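Notes follow once the structure below has been shown.
The values are calculated or read from the model by the stated rules, or taken from the named source; none is laboratory data. Everything quoted here is computed from the prediction, not taken from an experiment. Note that each Cβ is placed from the backbone with ideal geometry, even for glycine, and that neighbours are counted across all protein chains shown.
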Amino acid sequence: MAKHFASRFIDPEVLAKTANLQVIAKTVVEGFISGLHRSPYHGFSLEFAEYREYTPGDDIRRVDWKVFGRSDRFYVKKFEGDTNTQVYLLLDSSRSMSFASHKVSKLDYARYLAASLAFFAVRQHDAVGLLNFDSEIRRVTPPKAQRGHLMTILHHLEDVEVTGSTRIAAALEELSKLIRKRSLVVLISDLYEAADDLARALRFFHHRGNDVVLFHVLDPHEIELPLDGVLTLEDMETGEQIPFAFDKSRRAYLDELKEHIRMLKKECSSVRIDYELLRTDRPLDEALLSYLSTRSRRI
């Protein structure tokens, strides 16, 4: 995704030194909003921060003329009830998410992302809920729009522990039984599941009128595999011992990963699902911009 402004986000390893998820989420989101306001795309930031674009039928007295003077576009100040978005954050808490080649595990990075998205959603008066899963949904915090609900979401995130193996399609099937209205579903996972199985589950959500954002969280070592020599690797979910020879195994692994990502992108593109690959050593601006791009289609 092209950057709209220079990244000002704190390194994830710096965030990891802050134990308080609320502080992390506030730091990330307020920095993001501030960066957008200073960028040439300030109209984009206004649309998602404190205002929404004027639509026929709105009371003309609610137009902010100062904003019009700066942007040459009509915006109205958001009120508490100005939302039609229900957001479900779906967090993978399977054992593979505990992997870390540096100070931030995939699960911790996913927590930071989920906390930031929840903080942002509440700031926009959206109803936000959280589910964590492995082979099944382990805990559900139903969506609510109240500001105090953010603490419930954050406590849920703090309590998440890695358990079990990944079965994303099964978890999505369970989630489909809980959703009663059109929603925005945000899936945060390392996506260790066959692309076609995952695609079938995601298509189901799309065809029922839901918007979906897919965040593919990987450790830099999973992307680059900087190993050497003859080794034995262990599958974190099954315990299977896997022989590894640098010259052949690394090439085969990287080719397979590249194909997996290609298939995911292809399947997501075919049903207009947003896909974003996130490295756990990178700031969160790519994720937030992708989320806002999808959310804009719901306003």
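Tabulated values for the structure
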| quantity | calculated |
| --- | --- |
| Index of the failed condition, Pro143 passing every other in (1) touching a strand residue (DSSP E or B) at 6+ places or on another chain (Cβ under 8 Å); (2) within 28 Å of Arg282 (Cβ to Cβ) | (2) |
| Subset of the stretch 134-179 (residues that are assigned to a strand (DSSP E or B) and under 25 Å from Asn20 (Cβ atoms)) | Arg138, Arg139, Val140, Thr141, Pro142, Pro143, Lys144 |
| Which listed residue is assigned to a strand (DSSP E or B), surrounded by 13 or more Cβ atoms within 10 Å (Cβ to Cβ) and modelled with pLDDT of 70 or more, from Leu117, Leu113, Leu90 | Leu90 |
| Out of Leu172, Leu131, sole residue that is in contact with a helix residue (DSSP H, G or I) (Cβ under 6 Å, 6 or more places away or on another chain) and touching a residue at least 40 places away in the same chain (Cβ under 8 Å) | Leu172 |
| Which numbered condition Glu136 fails, given (1) over 24 Å from Tyr109 (Cβ atoms); (2) touching an Asp or Glu at 6+ places or on another chain (Cβ under 7 Å); (3) loosely packed, with under 14 Cβ neighbours inside 10 Å | (1) |
| Output for the stretch 179-196, where each listed residue is aliphatic (A, V, I, L, M) and touching a residue at least 40 places away in the same chain (Cβ under 8 Å) | Ile179, Leu184, Val185, Val186, Leu187, Ile188, Leu191, Ala195 |
| Pairs, first among the polar types (S, T, N, Q) in the stretch 88-117, second part of a strand (DSSP E or B) and crowded, with 19+ Cβ neighbours inside 10 Å, C-beta under 9 Å, six or more apart | Ser93/Asn132; Ser93/Phe133; Ser94/Phe133; Ser94/Ser189 |
| Top-ranked residue in the stretch 204-216 [being in a helix (DSSP H, G or I) and out of contact with any helix residue (DSSP H, G or I) (no Cβ under 8 Å at 6 or more places or on another chain); ranked as surrounded by the fewest Cβ atoms within 10 Å (Cβ to Cβ)] | His207 |
| Only listed residue being at pLDDT below 70, within 26 Å of Asp108 (Cα to Cα) and of a type in the set (Lys, Arg), chosen from Arg295, Arg282, Arg262 | Arg295 |
